């Protein structure tokens, strides 16, 4: 057993917003009717695998956004597991990785819906942008479902900046680097805009400095 | 929200009772002992009068098998007892090229399955394997004249050893996995196809595999070589009688598609539900070549099969289309493996699974982009249908990308067709029966459309036919 570095419990009927900056083992419990928005912004990797576990009780809602800005030879090896133990739970887990230099991401995501997790709704998304041919991505977004009354999905995409979009922007007078920046900003921001609270949104943007 | 009653009933009737469970009484020509050791391997090789390099290859593979452990992932393999299996049963003295010379009891079994009618109507060639040996093999004269070789792997080894020295065991080496090693040690039967440069085979070639004996181990070995600019479509079907004890089917399939060649390989796997189906299938595709796997898994107790495509030449393409149905006591652990080893290669994986009555279906896939393989496009989509709350569905899609200039996309969903879709269709004036038929047909359609016309029509008709009968 790995030692757990941080445990977070969201109390019944509570709503919480959290930003984390260090990639570390984390266990999070969502009590009944609670809601959690959690944003992880990681610029520094870790030497060994870090595990994120999310436990969802009845009617709880979880929104996870993990942004990885990989530079130099940083290694980001981590897992996320959403355990839908209660009924009517929702979890949306979005991972965005932007990879420069020789950085690597090794990610295993899992959605577990046991027989008790009726009417759960779960999504796992991993999108990656590669800026270097020395960077690498391993991703395994998996599902384990033992219930027929669920909605579950996952998706992953890996690619580089779209050449057509670059061409379009450059056509309109932007130089290469500002066109790149603009597209990167768009890539990262599309999910941030989902957070309702303005202050929280502001905080995230400040952290990203994009 | 659950799957509608009609849809469930439709699927149950389509993939319902096992229809091929009859047994045939056959006087076997030769039956090997059950203990897996050097003597057994030598005995098989001796029976087949093989060259000594093949005997050595078998013995080396047995050694690898003994040293390798069972895979720790996937299905439960602990109940396989390697010392209670029949490794080699020769039901007939030799492979016949005339149907009437086949042993009457064996002939009857294949006639019951309707294999011969298919040959007359729409096949370019037909092979039939019964337990360990190919009992019948025939190919159209027109194809023979063009230089096409379609034979049992045993015969081909004797008559065309040059192909075997170059390719045999090179695409799937014996040390690839435990079951590939086992197959390499005790392989028997299977199909060998060689398509010469520029030859296109219009009608599909088919092999049918039948396991008859209880506690049988069937280890066919297939090698397909499509030379530059050629094309071929190969179909395999498999069934077996139902016994209370387990049988094992561990095949190895090796395919080479050279420059501009196109190979399509269709499997209709409908083993009885006491059979372990642990198969290694792999294709090497070179410049502008194309490989298509169409994989339908309805039968077996546990299937672990991941058809693989190695895209090794620029512009090569690969596709895997699979459909799995897991019912009571069944575990379908199937998927696809794509390795992009050259620039400008593309791949497409489309997987559909249905879990019912406590069955479990898993998609396990890998897409790997090697360094230097630039400008890659890959798309994977898998859909799963769970019909009740005792069934299970898993998805494990692994992606390993070591190159920047790629476009890889994966999407999967576990769905419960039912009220919403039904409501939508019914509100447009379609009756409930028709609507649920459309939904299930639509779900399986992308796979069915890849089957040869005759099979597709049959499967579609079956779906519709059962539909009208099912609604009370």
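Note on the stretch B:70-192: antiparallel DSSP beta bridges, both residues inside, total approximately 90 percent of the bridges counted. Given R₀ = 35 Å, what would the calculated FRET efficiency be for residue B:84 paired with residue B:166, taking r from the Cβ atoms and rounding to 0.05? The formula returns an efficiency of 0.45 here.
Between residue A:164 and residue A:49, the simple spin-label model (points 7 angstrom out along Cα→Cβ) gives 3.9 nm. The relative contact order of chain B, computed from alpha carbon pairs under 8 Å that lie at least 6 residues apart in sequence, is 12 percent. The angle between the Cα long axis of helix B:432-448 and the main principal axis of chain B comes to about 40°, on a 0 to 90 degree scale. Shielding by partners for peptide B:364-371, expressed as the average number of C-beta atoms from other protein chains within 10 Å of each residue's C-beta, is 2. Of the beta bridges in chain B, as assigned by DSSP with both residues counted there, near 10 percent are antiparallel. Ranked by how many other Cβ atoms sit within 10 Å of their own Cβ, fewest first, the residues B:111, B:383, A:106 fall in the order B:111, A:106, B:383. Using the alpha-carbon centroid of each, what span in Å lies between the stretch A:103-150 and the stretch A:11-82? Cα centroid to Cα centroid, the span is 13 Å. Counting only other chain Cβ atoms within 10 Å of each residue's Cβ, the peptide A:156-165 averages 5.
Helix-only mean residue ellipticity at 222 nm, the protein assembly as shown, DSSP H runs n ≥ 4 weighted -39,500 (n - 2.57), per residue, nearest 500. What is it? Please report the intermediate quantities before stating the final value.
Working: 15 runs with 161 residues, N = 682.
That comes out to -7000 deg cm²/dmol.
The relative contact order of chain A, computed from alpha carbon pairs under 8 Å that lie at least 6 residues apart in sequence, is 14 percent.
Expressed as a fraction of 2.2 N^0.38 Å, the rule-of-thumb size for a compact globular protein of N residues, what is the C-alpha radius of gyration of chain A?
Computed over Cα atoms of chain A, the ratio equals 1.06.
Taking every DSSP bridge with both residues inside the protein assembly as shown, close to 10 percent are antiparallel.
Helix A:198-208 and the longest principal axis of the C-alpha atoms of chain A enclose an angle of approximately 50°. As a proxy for reagent exposure, A:183, A:143 were ordered by neighbouring Cβ count within 10 angstrom, fewest first; the result is A:183, A:143.
Across the stretch B:103-252, Cα-Cα pairs more than 28 Å apart make up 20 percent of the total. Arranged from fewest to most other beta-carbon atoms within 10 Å of their beta carbon, B:331, B:233 become B:233, B:331. Taking the Cα atoms of the protein assembly as shown, the ratio Rg/Rh between the radius of gyration and the Kirkwood radius comes to 1.00.
Inter-chain Cβ neighbour count for B:384-392, averaged per residue, equals 4 (cutoff 10 Å, partner chain atoms only). Using a cutoff of 8 angstrom between alpha carbon atoms and counting only pairs six or more residues apart, the relative contact order for the stretch B:283-398 works out to 24 percent. Just so you know, the Rg over Rh for chain B is 0.96, from Cα atoms, with Rh as the Kirkwood radius. With R₀ set to 51 Å, the beta-carbon distance separating residue B:108 from residue B:197 gives a calculated FRET efficiency near 0.80.
Every number in this text was worked out from the coordinates using simple rules, so none of it is lab data. Nothing here was measured: the structure is a model prediction, and the numbers come from that model. Note that we place each Cβ from the backbone using ideal geometry, even for glycine, and neighbour counts take in every protein chain shown.
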